[in-house]
Every structure is written in C-alpha cells, then in structure tokens.
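Engineer: Dropping a structure here in structure tokens format, bear with me for questions.
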Amino acid sequence: MTKKTPAYGARAAKAPLAPMTIERRDPGPKDVAIEILYCGICHSDVHKVNDDGGTTHFPVVPGHEIVGRVQSRGASASRLREGDIVGVGCIVDSCRACPECRAGREMFCEEGVTFSFDSLEREGTNWTYGGYSANMVVDERYVLRVPKGLDPARAAPLMCAGITTYSPLRQFGCKRGDQVAVVGLGGLGHMVVKFAASMGADVTVLSGSRGKEKDTTRLGAKRFVATKEPGALEPVEGTFDLIVDTVSAPHDLNIQLTVLRNFGTMVLVGLPPAATTLDAAVLIHSNKRLAGSNIGGIPETQEMLDYCGKHGVVADVEVINANQVNDAYARMERGDVRYRFVIDSASVRA
Ligand code: NAP
Ligand code: ZN
Ligand code: ZN
C-alpha cells in the first residue's frame, strides 16, 4: 500500500519545478510518518534539477533540509512519539552493519547510502523523493530530534547546511582565537560564520557580493573582503588558520590559497559542477593543506542540533511558498540569497 502525497518536482533537467503527486510507502514497523512543516532549499537541489552531475533520475522531488511533526509510528518504533518535532537530512537509509555505518558515518556506507531524494531505495525498485512534499516516511534510525526552543523554519537548514559546516569546523579543530575565513556567503557560508563565531574564532567573510557586507557583523564576522575588487586579498595574505570554501560555481583555488598561513587548511564543501586546476607549488611552498568534507553522519548531525539548541544557533531564512521555488532557484544561481530559502510546506498541501 502507498499513500498519494502532493509534492513539487522537476520532470526533466532544468525544467521548472511544478506540482506533482508522489507515492509514499505505508509506515513499516520501524518507520515514522512525518508531516513536513518546512524544507530548506540547498544549492545541491539546484545542481540536481540542472543535472549538473549527469546522474539525476527524473522526475526528481528535491529537498533534504526537512523539519516536521511525527504523525504516527510503526509498532516497534520507540525513539519518537506522535507530535515530536523532528528533522530529516540528507540520509534516510544505509546498510547499518559496515564499519562506516557502525562508526556513524552513514554517508560512506560501503553498500551505498540512500539519500533522501534521487536515490534508489535499498529494495532496488523505488526512488526516494525529498522534502518539497507534504509528508514522508522514514526509518526512525535516520530521524533527528529538533531541540525545543529552536524555531522550526530556521532549524530546517541545519539538516544539511548546518551539519556540512559544523563537521569540518570540528574536524579541523576550530577554536577560540583562530583566524577562520569563509568563501561564499550563502546558505552554507552564513552557517560557517555562525558556528565558527560561536566556537570563539575571528571570522572573515570572502564574498563576491559587496551588498552582503552590511549583514556580516550581525552574523558574527569581524571582517568582510569583497573578493572581486582588484587587490582585495593582498591585506589578508598568509592570515588564516582555516578556510571553508562554500562556493557553488567554478573559481580559482590558487588565489584563495594565498590567504592561508603556513600549515593552514582550506576545506572545500562547495561542489561546483566543473573541475578547477591546482598549482602544487602554492601548497608545497608553505605546507598548506587542501581538504574536503561531505555532510556528516547521523550521530554528528544530532550532536550539531544539540549544540544549536544550547547555543541558539539557527539559519537566517526567507520563508517562501512552494510556487515561488523557481524564483528562489534563479536567485541562488545569481548568489542572491539571504541566507536560506525555506518552503512553508502548508503551501505544498494547498
Ligand atoms: P548558496 O546558498 O547558493 O551559496 C553559494 C554562494 O557561493 C553564493 O551565495 C555566492 O556567495 C557564492 N558564489 C560565487 N560565485 C557564484 C556563482 N557563480 N553562482 C552562485 N553562487 C556563487 O549555496 P549553498 O546551498 O550554500 O551550497 C554551496 C555549495 O555547497 C553547492 O555547490 C552545494 O552543492 C554544495 N554542498 C556541499 C555539501 C557537502 O556535503 N560538501 C553539502 C551541501 C551543499 P557570495 O555572494 O558571497 O560570493
Ligand atoms: Zn544540501
Ligand atoms: Zn553501511
């Protein structure tokens, strides 16, 4: 048995998103059925709809920054109760038995992780559909608790933008007094500012959009550098312990590496659709380190949410109706986002 569910999705690469009806499975013994309240729009959704990776299976219903309310639960689902406010991020299933799953790094599951949209379910037949929809059914192992006191609309982006930025800051030891820079002030970028500032770092924003400068102090940054202006990076050459690069389009990494100090690390989380060249000399001459970081597993995502509950960290959002999603995509493609679009899911049901 399945349940018909209203959703917004794209029927072909670069096609506008439009209303459609999808099927959700009936909850199994370990599943919870969730009424979706809000879903953030990540630039990965845009890449998927544009088929930037060449692997999107259409129709696609994006959305992996989901906050909702538990409507019902299967007979052996015991972690959550009806009415609980919960989150669903990028991961909805994995083998649960391999070393990576056992270590809580389900995104690296050796049998292949099941993402919340555009993934083949483990049964090998059905594709997953994401959070631009009215409700969803998820095994409770992959459902996150949203701490009380966090605004659900502003908590939704934590499920991807939050964990994707919290995780590298933790991995690379961000601490009080560190000089941290973020490249690109969008959904991920503004969360780097909030998290790094909350960890005591001095944060600098490296942005192509001069218009965002006025927001940076409020977000928690100390300095703003307009990277497109000639000579802009010279005053900060050799400055940063850690740079988190969140840019969604191809750009020059060699220039950015000049602002790292010796032994500093630049971690890439932005995933442009095309490759970029790297001059080995810029790393070698000052023992600089270039790294990448991929979302985060379920335990670390819960740790991040609990951290946000304790420190009052949430995203800055622009709440929209589902029929505004194509405008939101166009604005994100221009870098015009302040700082996460979030769909009010009541408008998907309307
Ligand atoms: P976003 O909200 O659209 O922000 C991206 C920012 O990049 C823009 O706001 C802009 O900041 C900057 N930018 C520079 N050149 C641009 C251009 N030509 N077009 C658009 N933006 C440009 O995106 P996001 O949701 O933060 O995602 C950023 C990237 O991270 C995407 O590639 C996404 O797929 C990837 N991602 C990776 C992971 C992971 O696990 N590593 C997880 C989620 C997302 P300024 O205006 O400040 O320059
Ligand atoms: Zn995402
Ligand atoms: Zn596994």
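The values are calculated or read from the model by the stated rules, or taken from the named source; none is laboratory data. Predicted, not measured: the structure shown is a model, and the values here were computed from it. Cβ atoms come from the backbone with ideal geometry, glycine included; neighbour counts cover every protein chain shown. Calculation scope for accessible area: heavy atoms of the full protein, side chains included, ligands and nucleic acids excluded. Shrake-Rupley method; radii C 1.70, N 1.55, O 1.52, S 1.80 Å.
Engineer: I'd like to know if the stretch 325-343 contains one or more residues that are surrounded by fewer than 16 Cβ atoms within 10 Å (Cβ to Cβ) and hydrophobic (A, V, I, L, M, F, W, C).
Structural biologist: Checked the stretch 325-343: at least one residue is surrounded by fewer than 16 Cβ atoms within 10 Å (Cβ to Cβ) and hydrophobic (A, V, I, L, M, F, W, C).
Engineer: One residue is enough: does the stretch 60-67 have a residue meeting the conditions away from ligand 1 (no atom under 16 Å from the Cβ) and touching a residue at least 60 places away in the same chain (Cβ under 8 Å)?
Structural biologist: yes
Engineer: Note down all Cβ pairs under 9 Å where the first residue falls in the stretch 147-163 and is at positive phi, the second is more than 16 Å from ligand 1 (Cβ to nearest atom) and open to solvent by 20 Å² or more (accessible area, probe 1.4 Å), and they're at least six residues apart or on different chains.
Structural biologist: Final answer for the pair search is Gly149/Gly309; Gly149/Gly312.
Engineer: Is there a residue in the stretch 92-115 that is closer than 24 Å to Ala322 by Cβ, touching a helix residue (DSSP H, G or I) at 6+ places or on another chain (Cβ under 7 Å) and within 16 Å of ligand 3 (Cβ to nearest atom)?
Structural biologist: yes
Engineer: Please determine, by comparing only the residues of the stretch 291-317 that are surrounded by 15 or more Cβ atoms within 10 Å (Cβ to Cβ) and of a type in the set (D, E, K, R), which one is farthest from Ala103 (Cα to Cα).
Structural biologist: Asp316
Engineer: Hey, can you tell me all the residues within the stretch 1-35 that are in contact with an Asp or Glu (Cβ under 6 Å, 6 or more places away or on another chain) and open to solvent by 20 Å² or more (accessible area, probe 1.4 Å)?
Structural biologist: Answer for the stretch 1-35, where residues must be in contact with an Asp or Glu (Cβ under 6 Å, 6 or more places away or on another chain) and open to solvent by 20 Å² or more (accessible area, probe 1.4 Å): Met1, Thr2, Ala13, Lys30.
Engineer: Here is a follow-up. Considering each residue of the stretch 43-63, count those that are small (Gly, Ala, Ser), within 14 Å of ligand 2 (Cβ to nearest atom) and either over 23 Å from Ala155 (Cα atoms) or at pLDDT below 95 (or both), and give that number.
Structural biologist: Looking only at that region, the number is 1.
Engineer: Mind telling me which of the residues Ile22, Ile34, Ile66, Ile85 ends up being within 16 Å of ligand 2 (Cβ to nearest atom), at negative phi and among the aliphatic types (A, V, I, L, M)?
Structural biologist: Residue meeting the stated conditions: Ile66.
Engineer: Identify, please: which residue in the stretch 95-124 is of a type in the set (A, V, I, L, M) and under 18 Å from the mean Cα position of the chain (by Cα) and is, among those, nearest to Cys42 (Cα to Cα)?
Structural biologist: The qualifying residue nearest to Cys42 (Cα to Cα) is Met107.
Engineer: For the subset of the stretch 88-123 comprising residues that are without any contact (Cβ under 8 Å) to a residue 60 or more places away in the chain and within 16 Å of ligand 2 (Cβ to nearest atom), which member is farthest from Gly162 (Cα to Cα)?
Structural biologist: Ser119
Engineer: Read through the list (1) among the hydrophobic types (A, V, I, L, M, F, W, C); (2) away from ligand 1 (no atom under 16 Å from the Cβ); (3) farther than 19 Å from Met191 by Cβ, then give the number of the only condition that Val113 fails.
Structural biologist: (2)
Engineer: Among the listed residues Arg338, Arg334, Arg289, identify the single one that is free of Cβ contacts under 8 Å to residues at least 40 places away in the same chain, near ligand 1 (Cβ under 10 Å from one of its atoms) and not hydrophobic (A, V, I, L, M, F, W, C).
Structural biologist: None of the other options fit; the residue is Arg334.
Engineer: From (1) in contact with a His (Cβ under 6 Å, 6 or more places away or on another chain); (2) surrounded by fewer than 17 Cβ atoms within 10 Å (Cβ to Cβ), pick out the condition that doesn't hold for Ala103.
Structural biologist: Of (1) in contact with a His (Cβ under 6 Å, 6 or more places away or on another chain); (2) surrounded by fewer than 17 Cβ atoms within 10 Å (Cβ to Cβ), only one is false for Ala103: (1).
Engineer: Could you list all residues from the stretch 205-252 that are of a type in the set (Asp, Glu) and open to solvent by 30 Å² or more (accessible area, probe 1.4 Å)?
Structural biologist: Here is the first cut: in the stretch 205-252, the ones of a type in the set (Asp, Glu) are 213, 215, 229, 234, 237, 241, 245, 252.
Those that are of a type in the set (Asp, Glu) and open to solvent by 30 Å² or more (accessible area, probe 1.4 Å): Glu213, Glu229, Glu234, Glu237, Asp241, Asp252.
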